Amino acid sequence: MDFDFSTDQEQLRDAVRKWVDKGYSFERRRAIVKAGGFDRKAYGELAELGLAGLYISEDDGGMGMGPVEGMVVMEELGRGIVLEPLGQALVAGGILGGYAPADVKAAWLPKIAGGDALVVLAQQERKARYRLDMCETQAAQAGGSWTVTGAKGVVPAGDQADAFLVPATAGGKIALFLVERSARGVTTQGYGTQEGGRAAEVKFKASPATLVTLDGLTALEHAVDIGIAAACAEAVGVLDKTMEVTVEYMNTRKQFGVAIATFQALRHRVADMKMQLELARSMSYYASLKLNAPTDERRRALARAKYQLGMAMRFIGQNSVQLHGGIGVTDEYIGSHYFKKLTQLELSYGDTLHQLGEVSQRMQDTAGVFA
């Protein structure tokens, strides 16, 4: 199998890396964190590069690209620990483009692609514990119109988004709806997240909603898998940079008159970290390449990838802090912010233990089919 990137993909990587290096400095990021963890201007700059419309067809104003291009972009944003949730634009573009009726596509996809609308997935509920088939939010239909009532938690940039993709139970079955933040009965409570980003608790009280699809669980599983692939790719970028700053520190930090990078025991640690990084990179590739696979195959692949990435994030992040010593957890040092980002990503879309359970369950299901 050819794992070389095409010329267009390398050019895309180069464009995003240049923006991160020149337009998203650590100082700018720190200012965004201080201002609340989300900057509409920075998000607009990403949209100007065409990134918000990466998974949206050219007919709808997007770039019409696929999972590999999404992986390339998210890796570079991970290297810059960019706070703005571009991964949510990939989810919204992919799901609305694949499941929404024509009028909904026409109304929302061009705005998402142009950066005029930020649409985020609001699926997490307190009692669900990462399970997608548990949904207490209710949808009701009257006179051809839908309303949604319920609460969702840890919604990315929830108090800044323009609309939400909301799973809700309709007639005993999960359906997927689009609800505007400005709609009647929608309230948000925003807060900063540990890595400096922004999230919100969102409540809906008989809020007007637009039906995306009645086959909501299928669409929701697909949305989460797109999010997992994006998170895995972003994590690879964060891990890459974590390794870079760790090795740089070890080459400059001296003990007993020599750089600690010369100590054999520490070099072995770095070798183990490098091995975990390459395992993580391989599984991120695997996740992206499986995004268009049949549902069962895709779900197994994404659970495996997220599990392996979770293991790598913990191992590399914790070892990086230990190799730095006390400086590794200070707010002034950039390495601590990479560690916080890894911790946040490990919990996104189901933590490592949850994904291990998913992998185990799906292996049992597969064994049962062939028994």
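Structure values in brief
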quantity: Inter-residue pairs, beta-carbon under 9 Å, first basic (Lys, Arg) and in the stretch 166-191, second open to solvent by less than 20 Å² (accessible area, probe 1.4 Å) and at pLDDT 95 or above, 6+ apart; calculated: Lys173/Gly216; Arg181/Gly158; Arg181/Ala161; Arg181/Ala163; Arg181/Phe164; Arg181/Val202; Arg184/Ser207
quantity: Check on Trp108, part of a helix (DSSP H, G or I), touching a strand residue (DSSP E or B) at 6+ places or on another chain (Cβ under 7 Å) and open to solvent by 10 Å² or more (accessible area, probe 1.4 Å); calculated: yes
quantity: Any chance Val68 is at pLDDT 95 or above and either part of a loop (DSSP other than H, G, I, E, B) or basic (Lys, Arg) (or both); calculated: no
quantity: Some residue of the stretch 158-171 being at pLDDT below 95 and of a type in the set (Gly, Ala, Ser); calculated: yes
quantity: Residues of the stretch 75-88 satisfying the condition of being closer than 20 Å to Ala161 by Cα, open to solvent by 10 Å² or more (accessible area, probe 1.4 Å) and out of contact with any strand residue (DSSP E or B) (no Cβ under 7 Å at 6 or more places or on another chain); calculated: Leu83, Gly87
quantity: Every pair of residues 6+ apart whose Cβ atoms lie under 9 Å, when the first sits in the stretch 1-26 and is open to solvent by 70 Å² or more (accessible area, probe 1.4 Å) while the second is modelled with pLDDT of 95 or more and not in a helix (DSSP H, G or I); calculated: Asp8/Met65; Arg17/Gly80; Asp21/Gly80
quantity: Pick from the stretch 335-360, criterion open to solvent by 30 Å² or more (accessible area, probe 1.4 Å) and of a type in the set (Ser, Thr, Tyr), ranking: modelled with the lowest pLDDT; calculated: Ser360
quantity: Cβ-Cβ under 7 Å pairs, at least 6 apart or on other chains, the stretch 296-314 side touching a residue at least 60 places away in the same chain (Cβ under 8 Å), far side part of a helix (DSSP H, G or I) and of a type in the set (Ser, Thr, Tyr); calculated: Ala305/Ser284; Ala305/Tyr286; Leu309/Ser284
quantity: Residue tally, condition open to solvent by less than 10 Å² (accessible area, probe 1.4 Å), assigned to a loop (DSSP other than H, G, I, E, B) and closer than 11 Å to Leu83 by Cβ, over the stretch 32-64; calculated: 1
quantity: Which numbered condition Tyr285 fails, given (1) part of a helix (DSSP H, G or I); (2) under 15 Å from Ala230 (Cα atoms); (3) in contact with a helix residue (DSSP H, G or I) (Cβ under 6 Å, 6 or more places away or on another chain); calculated: (3)
quantity: Residue under evaluation Ser320, criteria (1) open to solvent by 50 Å² or more (accessible area, probe 1.4 Å); (2) part of a helix (DSSP H, G or I), criterion not met; calculated: (1)
quantity: Selection count, the stretch 263-282, where residues are buried (at least 20 other Cβ atoms within 10 Å of the Cβ) and either over 18 Å from Val73 (Cβ atoms) or more than 17 Å from the chain's Cα centre (by Cα) (or both); calculated: 2
quantity: Options Lys274, Lys340: the member that is farther than 20 Å from Ala229 by Cα and either in a helix (DSSP H, G or I) or among the basic types (Lys, Arg) (or both); calculated: Lys274
quantity: Out of Arg198, Arg184, sole residue that is within 24 Å of the chain's Cα centre (by Cα) and among the charged types (D, E, K, R); calculated: Arg198
quantity: Selection within the stretch 236-262 - at pLDDT below 95, open to solvent by 80 Å² or more (accessible area, probe 1.4 Å) and not in a strand (DSSP E or B); calculated: Glu248, Asn251, Thr252, Arg253, Phe256, Thr262
quantity: Test for Gly326: is it out of contact with any Phe, Trp or Tyr (no Cβ under 9 Å at 6 or more places or on another chain), open to solvent by less than 30 Å² (accessible area, probe 1.4 Å), closer than 21 Å to Phe339 by Cβ and without any contact (Cβ under 8 Å) to a residue 60 or more places away in the chain; calculated: no
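The values are calculated or read from the model by the stated rules, or taken from the named source; none is laboratory data. Please read these numbers as outputs of a predicted model, since none were measured by experiment. Every residue, glycine as well, gets a Cβ built from its backbone with ideal geometry; the counts of neighbours run over all protein chains shown. When the accessible area is computed, the model is the full protein with side chains, heavy atoms only, and any ligands, DNA or RNA have been set aside. Shrake-Rupley method; radii C 1.70, N 1.55, O 1.52, S 1.80 Å.
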